[in-house]
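Working notes, beginning with the structure itself.
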Amino acid sequence: MTDAEVLPNLLRQTRRKILEISGDGAYDTRDCLAAIHIRRAVALFLPREGAAFWERGHPRYLAVGCQKLYGSNKHWKKRYGYHKRSLAETAMHRVKQLLGGRLSLRNYNAQVGEAYAMIKALNKLTGLVCLKLAALADN
């Protein structure tokens, strides 16, 4: 099963408000975009290389237009803050490496609390490292 096949089901499971969903070209499918539209969120997906236009007014129309006009996705990425996806992926990689890649609790709300605890621990570690670096810079 691909990530794009799983996304619509994941969106149905959460009750939380979602403002924006970012992903790579694998998520650039009609099913994913329809599921995101139902949640009233904004989809920030890179169109695949050589992507074709869909119907006018579709959310991906502008991204495909930029790709065709400029020959790359660089302008679209900059305008819509696509770099945030990379920052989020880096943060999740750190969490998995430092704190383990799995949630141990079964209940959804308990998993949310467990994930928040992991993030809080990561933020604390980051803060301690920043204090240490600042102290070293002062010496």
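The values are calculated or read from the model by the stated rules, or taken from the named source; none is laboratory data. Just so it is clear, the structure is predicted and the values come from calculations on it, not from any experiment. We place every Cβ from the backbone using ideal geometry, glycine too, and count neighbours over all the protein chains shown. Quick note on the areas: whole protein, heavy atoms, side chains included, nothing else; ligands and nucleic acids left out. Shrake-Rupley method; radii C 1.70, N 1.55, O 1.52, S 1.80 Å.
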Residue under question is residue 47, and the condition is that it be in a loop (DSSP other than H, G, I, E, B) and touching a helix residue (DSSP H, G or I) at 6+ places or on another chain (Cβ under 8 Å); does it hold? yes
Residues satisfying the stated conditions in the stretch 60-104, i.e. open to solvent by less than 50 Å² (accessible area, probe 1.4 Å) and charged (D, E, K, R): 60
Residues that are in a helix (DSSP H, G or I) and open to solvent by 70 Å² or more (accessible area, probe 1.4 Å), drawn from the stretch 1-24: 3, 5, 9, 10, 12, 13
Counting only residues that are exposed (fewer than 11 other Cβ atoms within 10 Å of the Cβ) and either modelled with pLDDT of 80 or more or among the acidic types (Asp, Glu) (or both), which one in the stretch 39-50 is nearest to residue 83 (Cα to Cα)? 49
Sole residue being free of Cβ contacts under 8 Å to residues at least 24 places away in the same chain, in contact with a helix residue (DSSP H, G or I) (Cβ under 8 Å, 6 or more places away or on another chain) and not charged (D, E, K, R), chosen from 104, 72: 104
Let me confirm something: among 60, 94, which residue is within 18 Å of the chain's Cα centre (by Cα) and within 18 Å of residue 25 (Cα to Cα)? 60
